[in-house]
Amino acid sequence: MTDLPTPSTTRPVPGQLTMTAPRRGKPPRHLADLDLAGRVEWATELGLPGFRAKQLSTHYFTHHTDDPERMSDLPKAAREELVTAMLPRLLTPVRTISADQGATLKSVWRLHDGALVESVLMRYPRRATICISSQAGCGMNCPFCATGQEGLTRNMSTAEIVDQVVAANRLLADAGDLRLDGESGVALGAEADDDGESLPSSAGRRVTNVVFMGMGEALANYKAAIGAIRRMVDPSPEGLGMSARGITMSSVGLVTGIDRLTEEGIPVTLALSLHAPDDELRDELVPINTRFKVDEAIDAAHRYYLKTGRRVSIEYAMIRDINDQAWRADLLAKKLLARGKGWVHINPIPLNPTPGSKWTASRPGVEQQFVERLRAAGIPTTVRDTRGSDIDGACGQLAAATSGAA
């Protein structure tokens, strides 16, 4: 589908937030946009028996296929029509590159209107994690993030979000055994384990963890993101039958969205992308801080913990000579401990720099000192495992490079 236009997005000026996504043509309606009752109703509207919706749901959510030839329980003459109507193609693969001995696969997908999004599949010995996008682009405009610098093209639909997970499951089904040497750091999504409890083993053949840490601020696309989570946790064949504790919702601190998530009753892990403990610096690094200050964001995260009992993750990109001073570690610890103990876990993340950016990763010794100060304060702290640094690993880089080469 190389003839599709690549949407142009005006780059935002520094500090500019885009809270409302541009209106574009809606993606095709897809079975994953609806719950099972909605699918049955849709099938009936199409003049089909309602049970066909459940059959299609089984193929898509359980067998991860949209290939009519594999749907032998459907009437042969009607298979193509059924799939075209209820399982339209949402993601067209553009480019996939691998790293880490084949354990990391980063994909660029073209949506129906030509917009490009990314997902990253990361295989670990005991889990398979996919980092998914919830928007094409992002309106939060964080200056060290490639996606934020490109601006916001549009929101993704529930089905477009879910389809990234289903595509990863197809890929895993055909993948060979994983062999990794020298694995270190905490695996992306690993904070979803509480008290050392492990998630069900997939033997590397299906996704166990989903993290909303790809392109976009998912809580700014709230309805579609929550719909996608429900499709993931609904039991098969209504959904993917995943554990909610294997899903991590990341946010830069959209307090209203965090509070809405708190009331949903879905025990996903909340990850707050804080990146600075003081308002003066965070106003620059995370422009949403001009609306919701550091303490407001931390308070919202703490409310989430109190309501759900789910330990919150604090994501902290380590940026050389910007936010990695020891006194900022002490201030971060002080602010988190003021709300109590045992409710939070910190994941410092070595910054994956974007080309031409002034932002780069902290020096190893400085990073280690930062971590030691947090641990000395009694806060569990684990440096995030970084994957894909040699394949345009930072969010938005590969899509931008692909768009530029088009």
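The values are calculated or read from the model by the stated rules, or taken from the named source; none is laboratory data. It should be emphasised that the depicted structure is a prediction, and the values quoted were computed from it without experimental measurement. We place every Cβ from the backbone using ideal geometry, glycine too, and count neighbours over all the protein chains shown. For accessibility, only protein heavy atoms count, side chains too; no ligands or nucleic acids. Shrake-Rupley method; radii C 1.70, N 1.55, O 1.52, S 1.80 Å.
General remarks:
- Between 0 and 90°, nearest 10: helix 36-45 axis offset from the chain longest Cα axis: 40 degrees
- Nearest-0.05 FRET efficiency for Ser243 and Leu331, computed from C-beta distance (R0 30 Å): 0.30
- Distance (nanometres) between label positions extended 7 Å along Cα→Cβ at Ala78 and Lys54: 1.5 nm
- GNM remark for the chain: springs join alpha carbons under 10 Å apart, and the peak mean-square fluctuation among Arg245, Arg126, Arg154 falls on Arg126.
- Note: relative contact order over the chain, using C-alpha pairs below 8 Å and six or more positions apart, is 17 percent.
- The candidate values were (1) 22.4, 72; (2) 20.4, 65; (3) 20.9, 69; the one computed from these coordinates for Rg and Dmax of the Cα atoms in Å carries the label (3).
- Relative to the dominant Cα principal axis of the chain, helix 76-86 is inclined by about 30°.
- Alpha carbon convex hull of the range 1-149, projected area averaged over orientations, nm²: 12.2 nm²
- Computed from backbone phi, the HN-Hα couplings of the range 358-371 come to 7, 7, 8, 6, 5, 5, x, x, 5, 4, 4, 4, 4, 5 Hz, rounded to whole numbers (Karplus: 6.51 cos²θ - 1.76 cosθ + 1.60, θ = phi - 60°; Gly and Pro given as x).
- Pair Glu280, Met19: separation of 7 Å Cα→Cβ label points (nm): 2.7 nm
- Of Lys54/Lys223; Lys307/Lys335; Lys106/Lys335; Lys54/Lys76; Lys223/Lys307; Lys26/Lys223, pairs whose Cα-Cα distance is over 25 Å: Lys106/Lys335
- The apolar share of the surface of the chain, taken as the fraction of accessible area on carbon and sulfur atoms (1.4 Å probe, ligands and nucleic acids excluded), comes to 50 percent.
- Contour excess over end-to-end distance, with Cα ends at Glu264 and Leu46 and 0.36 nm allotted per residue: 75.3 nm
- Cα centroids of the range 138-167 and the range 48-121: 20 Å apart.
- Order by protection proxy (mean Cβ within 10 Å, highest first), peptides 309-319, 346-356: 309-319, 346-356
- Compared with the alpha-carbon gap, the fully stretched path from Thr96 to Thr62 is longer by 9.8 nm at 0.36 nm per residue.
- Crossing angle, helix 294-308 versus the chain [Cα axis fit, 0-90 degrees, rounded to tens]: 50 degrees
- Sequence-distant residues sharing a close amide H with Val312 (under 5 Å, placed H): Val344, His345
- Helix-only [θ]222 nm of the chain, DSSP H runs n ≥ 4, -39500 (n - 2.57) each, per residue, nearest 500: -9000 deg cm²/dmol
- The phi-based Karplus calculation (6.51 cos²θ - 1.76 cosθ + 1.60; θ = phi - 60°) puts the 3J(HN,Hα) values of the range 104-118 at 10, 10, 10, 10, 10, 10, 9, 7, 4, 9, x, 5, 10, 9, 10 Hz, whole numbers, x for Gly and Pro.
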